[in-house]
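**Student:** Starting off with a structure, shown below.
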Amino acid sequence: MQQSNAYIIIFSIITTIVLGGLLSVASVGLGPRQKVQVELDTKKSILGAVMEVQKTDDVLGIYDQKIESLVVDIQGNQVETDESGAPVVAENISIEKNYKLPPEERLYPVFLFKGDNGEVDAYILPIYGNGLWDVIWGFVALDKDLKTIKGAVFDHRGETPGLGARIAEDAVQSRFVGKEVYDPNGTLVSVSMLKGEGNAPESLDVHTVDGLAGATITARGVNNMLQNYLEHYQSYLQKIAS
Amino acid sequence: MATETLEQPIVKKERSESLLSKRRRKFVTDPLNDDNPITIQVLGICSALAITLKMEPTLVMSIAVLFVIVFSNLIISVFRNLIPNRVRIIVQLAVIASLVTLVNEVLKAYYYDMYKVLSVYVGLIITNCIIMGRLEAFAMGNKAWDSILDGFGSGFGYAWIILAVAFFRELFGFGSLFGFEVFKAIGIENFPNNGLMVTPIGAFMIIGIIIWIQRTKSGYVEH
């Protein structure tokens, strides 16, 4: 039997409504839980910049205990309320949305990692930029001397597995630990990945780390986002250093 | 006319057939070996290369594919007489896509780490030819229970191959299984990790070797 056009159209419409409705219900139903997971993941990577986070750790507990957050603008002034007067919470700021604004208009969250005696042990700054295929982001932690990198985490949306995607690996991120972002004169030089991998250790100084084989553009993306965001945070860092 | 021809049962049915009769058992056992979707039909290679780096994501992927294939087979089979023949591919795709999206949402809510690792590949289950192939070739012309069994057969056939590939890749590429460091545990401290296994080329080679062994044993030749 060859079905009539009317039957086909009605069948298609019903199928669409039923399947679409089903998915909406699932999406709305699972939404709150997904939000919690995303929050957990962000907090995990913030903490990951300064410490090893185990799967079994109570991430939210440690976060509440160890992290204090604030928001600054490009001049390094603390921002406490937005235009409408509502308080600004660093954890709720979308770096991605802010990235689309010109640097002067963006809000810059700062996460302070506190040691056991309550003193600030590290400054964790979010960074964001473009890789080869899609956006890359991460957090870089500066030691309390404000120039040594204490740790860094990077993540990505669509870099090539096995090549650019390696920026998400511990082995690559740990290369940044102990590197310095300012030269002795106090000029910002950031830390950059070299081209190619397996560069002789002699060729690396305090401002360079070994690169990624086959992922020159992703590495360049990492360099750029580090450089850019360290510049954006510069006035804040100078303010607290003085 | 087309739906009617699809109605013809592939094998003559008896009235009181047991739920796991010999004929039905073949739906499950055939795809495991003699008619394996990956090694014999050579379908679903893309995901078999991409997600078999480690055991854990591979297992999650296997479960996801199994879920999608069983339920889409069931749904299509139940509605096979209602689905207009001219838009059947679209309807099949819509059902698969909805189930895959559902899996993705659930993963995101309950297994976020794995959601990040598998990312795009869960979505790509939609384009996994094994599933479309089973819907078109089997579920459109067979009863619900048979289709479920067929789904399990193809799902397990896919699963054991990618799990076998992942086993060798994680073992030789990272020296671990499910993250447990095997070689360290048996006292080999300096096991050299094989970089080739970490790349998709390693997966190609392992699938190739599995196909080779299987076809040498079964004598299967492609015509």
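The values are calculated or read from the model by the stated rules, or taken from the named source; none is laboratory data. Source: prediction; values computed, not measured. Glycine also receives a Cβ, built like all others from the backbone with ideal geometry; neighbour counts cover every protein chain displayed. Surface areas here come from the heavy atoms of the whole protein model, side chains and all, with no ligands, DNA or RNA. Shrake-Rupley method; radii C 1.70, N 1.55, O 1.52, S 1.80 Å.
**Student:** Name the helices (runs of 4 or more DSSP H) wholly inside the range B:123-195 in which the number of residues that are farther than 24 Å from B:I213 by Cβ and in contact (Cβ under 8 Å) with a residue 24 or more places away in the chain is 1 or more.
**Tutor:** Counting at least 1 such residues, we get B:129-137, B:144-174.
**Student:** A further question follows. When you scan the range A:39-61, do you find a residue that is polar (S, T, N, Q), more than 10 Å from chain B (Cβ to nearest Cβ) and in contact (Cβ under 8 Å) with a residue 12 or more places away in the chain, even just one? I'd like the intermediate steps shown before the answer.
**Tutor:** We begin by selecting, within the range A:39-61, every residue polar (S, T, N, Q); these are A:42, A:45, A:54, A:56.
Next cut, more than 10 Å from chain B (Cβ to nearest Cβ) only: A:42, A:45, A:54, A:56.
Applying the additional criterion that residues be in contact (Cβ under 8 Å) with a residue 12 or more places away in the chain yields A:42, A:45.
Taking every residue of the range A:39-61 in turn, at least one turns out to be polar (S, T, N, Q), more than 10 Å from chain B (Cβ to nearest Cβ) and in contact (Cβ under 8 Å) with a residue 12 or more places away in the chain.
**Student:** Would you point out the residue of the range B:176-197, among those that are within 26 Å of the chain's Cα centre (by Cα) and open to solvent by less than 50 Å² (accessible area, probe 1.4 Å), that is nearest to the other protein chains (Cβ to nearest Cβ)?
**Tutor:** B:M197
**Student:** So, in the range A:2-13, how many residues would count as being at the interface with chain B (Cβ under 10 Å from one of its Cβ atoms) and either β-branched (V, I, T) or surrounded by fewer than 14 Cβ atoms within 10 Å (Cβ to Cβ) (or both)?
**Tutor:** 7
**Student:** Test A:P184 against the criterion of being without any contact (Cβ under 8 Å) to a residue 24 or more places away in the chain and closer than 13 Å to A:L132 by Cα, and give yes or no.
**Tutor:** No; evaluated as a whole, the condition is false for this residue.
**Student:** Hey, among A:V71, A:V18, which residue is modelled with pLDDT of 85 or more and under 17 Å from A:F113 (Cα atoms)? Even if it seems obvious, please write down each step before you answer.
**Tutor:** Details: A:V18 fails: under 17 Å from A:F113 (Cα atoms).
After ruling out the rest, the residue left standing is A:V71.
**Student:** Ok, one more. If A:S235 satisfies every condition in (1) assigned to a helix (DSSP H, G or I); (2) of a type in the set (S, T, Y); (3) within 19 Å of the chain's Cα centre (by Cα) but one, which is the exception?
**Tutor:** Among (1) assigned to a helix (DSSP H, G or I); (2) of a type in the set (S, T, Y); (3) within 19 Å of the chain's Cα centre (by Cα), A:S235 violates only (3).
**Student:** Which of the residues spanning the range A:14-54 are among the small types (G, A, S) and farther than 18 Å from A:V140 by Cβ?
**Tutor:** The answer is A:G20, A:G21, A:S24, A:A26, A:S27, A:G29, A:G31.
**Student:** Looking only at the range B:58-71, which residues are closer than 9 Å to B:I162 by Cα and open to solvent by 10 Å² or more (accessible area, probe 1.4 Å)?
**Tutor:** B:L59
**Student:** I'm told B:A137 meets every condition in (1) within 30 Å of B:F71 (Cα to Cα); (2) open to solvent by less than 40 Å² (accessible area, probe 1.4 Å) except one. Can you identify the failing condition by its number?
**Tutor:** (2)
**Student:** Further question on the same structure: Exactly one of (1) surrounded by fewer than 17 Cβ atoms within 10 Å (Cβ to Cβ); (2) under 27 Å from A:P201 (Cβ atoms); (3) without any contact (Cβ under 8 Å) to a residue 40 or more places away in the chain; (4) in contact with a Leu (Cβ under 9 Å, 6 or more places away or on another chain) is unmet by A:F176. Its number?
**Tutor:** (1)
**Student:** Follow-up. Name the residues in the range A:14-38 that are open to solvent by 30 Å² or more (accessible area, probe 1.4 Å), of a type in the set (S, T, Y) and within 7 Å of another protein chain (Cβ to nearest Cβ), would you?
**Tutor:** The answer is A:S27, and nothing else.
**Student:** Looking at the range B:86-114, which of its residues are at the interface with another protein chain (Cβ under 8 Å from one of its Cβ atoms) and among the β-branched types (V, I, T)?
**Tutor:** Within the range B:86-114, B:V87, B:I90, B:V91, B:V95, B:T101, B:V106 meet the criteria.
**Student:** Kindly list the number of the only condition in (1) of a type in the set (D, E); (2) part of a helix (DSSP H, G or I); (3) surrounded by fewer than 19 Cβ atoms within 10 Å (Cβ to Cβ) that fails for B:E17.
**Tutor:** (2)
**Student:** Cβ contacts < 8 Å: first residue assigned to a helix (DSSP H, G or I), restricted to the range A:3-20; second residue of a type in the set (S, T, Y), any location; separation 6+ or different chain. Result?
**Tutor:** Listed pairs, sorted by first residue: A:L19/B:S98.
**Student:** Name the residue that is most open to solvent (accessible area, probe 1.4 Å), counting only residues in the range B:26-57 that are within 12 Å of B:Y121 (Cα to Cα) and within 14 Å of another protein chain (Cβ to nearest Cβ).
**Tutor:** Checking each candidate, the answer is B:C46.
**Student:** Oh, and also: Got a sec? Which of B:I126, B:I83 is open to solvent by 30 Å² or more (accessible area, probe 1.4 Å), among the aliphatic types (A, V, I, L, M) and within 14 Å of chain A (Cβ to nearest Cβ)? Full working, then the answer.
**Tutor:** Working: B:I83 fails: open to solvent by 30 Å² or more (accessible area, probe 1.4 Å).
So the residue among B:I126, B:I83 that is open to solvent by 30 Å² or more (accessible area, probe 1.4 Å), among the aliphatic types (A, V, I, L, M) and within 14 Å of chain A (Cβ to nearest Cβ) is B:I126.
**Student:** On to the next question. One residue is enough: does the range B:155-171 have a residue meeting the conditions modelled with pLDDT under 85, surrounded by 15 or more Cβ atoms within 10 Å (Cβ to Cβ) and within 14 Å of chain A (Cβ to nearest Cβ)?
**Tutor:** no
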